[in-house]
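Structure record follows, encoded as structure tokens.
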Amino acid sequence: MNGACYVITGATSGIGAAVAARLLSRGESVVAVARRKDVLESLYGQNPCALCAAVDLEAPDATARVAAAVKGRFDAVRGFVHAAGFVVPAPLGLVQDDTAHRLFSIHALFPLQFLGWMAKRPNHADGASAVLVSSLAAHEGDCGNAAYAAAKGAVEGMLKPAAAELAPRGVRVNAVVLGVVDTPMARDTWMSRSTQEQIDARRARYPLGFGTPEKVAGVIDFFLGDDSAWITGQCLVADGGHQLT
């Protein structure tokens, strides 16, 4: 066993990869969670501070498998970042049942269950911190995005009760609520179906421009560290000034 670790989901791309890279750059121990074992190994297989956990977060045993990976090498979790996710834009009448179930399973059910596992001693280290990734989609009327918005709304709905329950145990739970971040997920979904003019028009509504995974990783790192030790149950909006427009 080797002390405490940080569990990062969605660690093979976008925000999850940026958070993992930031932590590993300073020698922290990271359990990198994603579906594809080959991509995990290519990114982290040679790093002695990283442990690859190829887990499909939709699976009923996802929490048990991630927990087993953690306990197979580490004593406890110091930090948990849930950055895994996907989006399938569709009008309400075309939302498929399996897509809705997948959205809720990955975005909301897995972090709910993993926080439940973390709540039990000795699974969390003293002063442990969890950071959930939400989206402005849960707060704006973006047509064709109701299923994704509902899943992110569920993330924010669990935040305060979970934080209240875990605070006496010294575990903090916070969320970052993000505007548009230039990630592979964004490029593969709405950006790929938009003209350059449409992308530029949306970017114009972000005074500080679209976000980057590295900028978001800095915000998340703040919540993981001691500088935020007196903060829990909070949603921090990081949107490049979008709500000011």
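The values are calculated or read from the model by the stated rules, or taken from the named source; none is laboratory data. The shown structure was predicted, so the numbers you read here are calculated from the model rather than taken from an experiment. Here the Cβ positions follow ideal geometry from the backbone for every residue, glycine too, while neighbour counts run over all protein chains shown.
May I ask you to list the residues in the range 103-124 that are among the polar types (S, T, N, Q) and outside any helix (DSSP H, G or I)?
Across the range 103-124, the qualifying residue is only 123.
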Please verify whether the range 175-198 includes one or more residues that are in contact with a Phe, Trp or Tyr (Cβ under 8 Å, 6 or more places away or on another chain), under 30 Å from residue 77 (Cβ atoms) and of a type in the set (D, E, K, R).
yes
Regarding residue 200, is this residue more than 14 Å from the chain's Cα centre (by Cα) and modelled with pLDDT under 95?
yes
Single residue of the range 18-38 satisfying the filter (farther than 17 Å from residue 66 by Cβ and of a type outside the set (D, E, K, R)) that is farthest from the chain's Cα centre (by Cα)
27
Which numbered condition in (1) over 18 Å from the mean Cα position of the chain (by Cα); (2) surrounded by 13 or more Cβ atoms within 10 Å (Cβ to Cβ); (3) more than 30 Å from residue 192 (Cβ to Cβ) is the only one that residue 66 fails?
(1)
So, in the range 200-218, exactly how many residues are crowded, with 17+ Cβ neighbours inside 10 Å and assigned to a helix (DSSP H, G or I)?
4
Under 6 Å between Cβ atoms, which residue pairs at least 6 apart in sequence (or on different chains) link something in the range 6-17 that is among the hydroxyl-bearing types (Ser, Thr, Tyr) with a partner that is buried (at least 24 other Cβ atoms within 10 Å of the Cβ) and in a loop (DSSP other than H, G, I, E, B)?
9/83; 9/84
Take the residues of the range 226-245 that are without any contact (Cβ under 8 Å) to a residue 60 or more places away in the chain and under 20 Å from residue 22 (Cβ atoms): which is surrounded by the most Cβ atoms within 10 Å (Cβ to Cβ)?
231
With the checklist (1) surrounded by fewer than 19 Cβ atoms within 10 Å (Cβ to Cβ); (2) at pLDDT below 95 in hand, flag the one item residue 56 doesn't pass.
(2)
Index of the failed condition, residue 209 passing every other in (1) more than 19 Å from residue 244 (Cα to Cα); (2) over 13 Å from the mean Cα position of the chain (by Cα); (3) not charged (D, E, K, R)
(1)
Within the range 29-42, restricting to residues that are touching a residue at least 40 places away in the same chain (Cβ under 8 Å) and out of contact with any Leu (no Cβ under 7 Å at 6 or more places or on another chain), the one that is nearest to residue 82 (Cα to Cα) is 33
Determine whether residue 173 is of a type in the set (Val, Ile, Thr), within 21 Å of residue 21 (Cα to Cα) and either out of contact with any Lys or Arg (no Cβ under 6 Å at 6 or more places or on another chain) or part of a helix (DSSP H, G or I) (or both).
no
Looking at the range 8-98, what helices (runs of 4 or more DSSP H) fall wholly within it and have at least 1 residues that are touching a strand residue (DSSP E or B) at 6+ places or on another chain (Cβ under 7 Å), within 20 Å of residue 188 (Cα to Cα) and small (Gly, Ala, Ser)?
14-25
Considering residues of the range 176-197 that are farther than 21 Å from residue 16 by Cβ and outside any helix (DSSP H, G or I) only, the residue nearest to the chain's Cα centre (by Cα)
194
If I go through the range 111-134 residue by residue, how many of them are surrounded by fewer than 24 Cβ atoms within 10 Å (Cβ to Cβ), closer than 23 Å to residue 59 by Cβ and either of a type outside the set (A, V, I, L, M, F, W, C) or touching an Asp or Glu at 6+ places or on another chain (Cβ under 8 Å) (or both)?
5
